[in-house]
Structures are given as structure tokens and as C-alpha cells.
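A.B. asks: This structure is in C-alpha cells; I'll ask about it shortly.
The values are calculated or read from the model by the stated rules, or taken from the named source; none is laboratory data. What you are looking at is a predicted structure, and each value in this text was computed from that prediction instead of being measured. Here Cβ is always computed from backbone atoms with ideal geometry, including for glycine, and neighbour counts include all displayed protein chains.
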Amino acid sequence: MKNNKLLTIMLIILVTILLIGIVIFVLLTQFNKQSTANEPTIDQIVEASVDVPEIMTNLADDSYVKLTLKIQTTSKKAAEELEKRNFQVNHIVIGELSEMTEEDLAGKEGKILFESTIKAQLNDLMQEGEVEQIYITSYVIQ
């Protein structure tokens, strides 16, 4: 009887230690996931972003578009480089828009396609960092 009671106590202690170990493992795993997800703060995003002044140009179907962009880069140095390349940014944006129609830019998919095309072309130019995101901050088409 005494042996049976001792075995029960040992099993309870073993299961308790095992459960505590599992809880600690899960907590540490979750903590490490949060620390590796290092999302930039809004201040860091603004610091690494460039405003593209308003661009107004004709589209391929004789309508016209007026828009402004904010381009988010990977670093402050990349943003400084992109500001120096402002004339190239304008050239790429105008060139891309001149090949598009009002229908091409219609809807969410059209804007996403435009943004991804501009992003790819700008990343080909960049030497210091890269473009992470393009935001259309104002948009009028007529």
C-alpha cells in the first residue's frame, strides 16, 4: 500500500514538472516570435518614405489622371537616394501611365498592378536599399 502511494505521488510530481516545462516552452516560443516580427514604427516608416509631388498626365485612351504618391523604402538612406532620383521616378510613373487606359486603372486590382509595376522598376534603379511599398495618396481620373 505504501509503495502504491509513493508511486502515485511520484507520477503527480512528474506530470506537474512536465506541464510546467510545456508551458515555459510555449511562452518562450511565442515571445521569440514577437521579437523577430520587428515591424517598423510609424515614425520609422515616415522617415524612410518619400512624397512624390502631384503628377498629371494623359492616359492611352485620351483621358487624364492626376495623382500623388508616397513611396516607402527600407531605410532613411534609401529614401534620400530616391529623393535624388525624383526625376527618374516621375519619368517612370508618367511612362507607365501613358501606356494605361482609364479601364486599366479602374478598381483595386488596377491600382495594385500599377503600384507593383512602379515598385519593380524603381527597385531596378535603387542602389541603397529598395522600395517596400507604393501608396497612392490622391487620385483623380477624368
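A.B. asks: Only one of (1) part of a loop (DSSP other than H, G, I, E, B); (2) closer than 22 Å to TYR139 by Cα; (3) of a type outside the set (A, V, I, L, M, F, W, C) fails for THR57. Which number is that?
C.D. replies: Condition not satisfied by THR57: (1).
A.B. asks: Further, regarding this structure: SER49 versus (1) at pLDDT below 90; (2) in contact with a strand residue (DSSP E or B) (Cβ under 6 Å, 6 or more places away or on another chain): which is the lone unmet condition?
C.D. replies: (1)
A.B. asks: Quick one: in region 84-136, which of the residues that are part of a helix (DSSP H, G or I) and of a type in the set (Lys, Arg) is farthest from ASP51 (Cα to Cα)?
C.D. replies: Checked region 84-136; the qualifying residue farthest from ASP51 (Cα to Cα) is LYS108.
A.B. asks: Look at region 108-122 and say how many of its residues are closer than 22 Å to GLU47 by Cα and exposed (fewer than 15 other Cβ atoms within 10 Å of the Cβ).
C.D. replies: Residues flagged as closer than 22 Å to GLU47 by Cα and exposed (fewer than 15 other Cβ atoms within 10 Å of the Cβ) within region 108-122 amount to 2.
Table: residues versus (1) assigned by TED's automatic domain parsing to the domain that holds GLU99; (2) under 19 Å from SER116 (Cα atoms); (3) in a helix (DSSP H, G or I).
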| residue | (1), (2), (3) |
| --- | --- |
| ASN4 | no, no, yes |
| ILE12 | no, no, yes |
| ILE17 | no, no, yes |
| ILE24 | no, no, yes |
| ASP61 | yes, no, no |
| LYS66 | yes, yes, no |
| GLN72 | yes, yes, no |
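So that you can scan it fast, the table gives a plain yes or no per residue for (1) at pLDDT below 95; (2) farther than 20 Å from ASN58 by Cα; (3) surrounded by fewer than 16 Cβ atoms within 10 Å (Cβ to Cβ); (4) among the β-branched types (Val, Ile, Thr):
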| position | (1), (2), (3), (4) |
| --- | --- |
| SER98 | yes, no, yes, no |
| THR101 | yes, no, yes, yes |
| ALA106 | yes, no, yes, no |
| GLU128 | yes, yes, yes, no |
| ILE141 | yes, no, yes, yes |
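A.B. asks: Could you tell me which of the residues LEU69, LEU11, LEU6, LEU27 is surrounded by 10 or more Cβ atoms within 10 Å (Cβ to Cβ) and at pLDDT 95 or above?
C.D. replies: After applying the criteria, what remains is LEU69.
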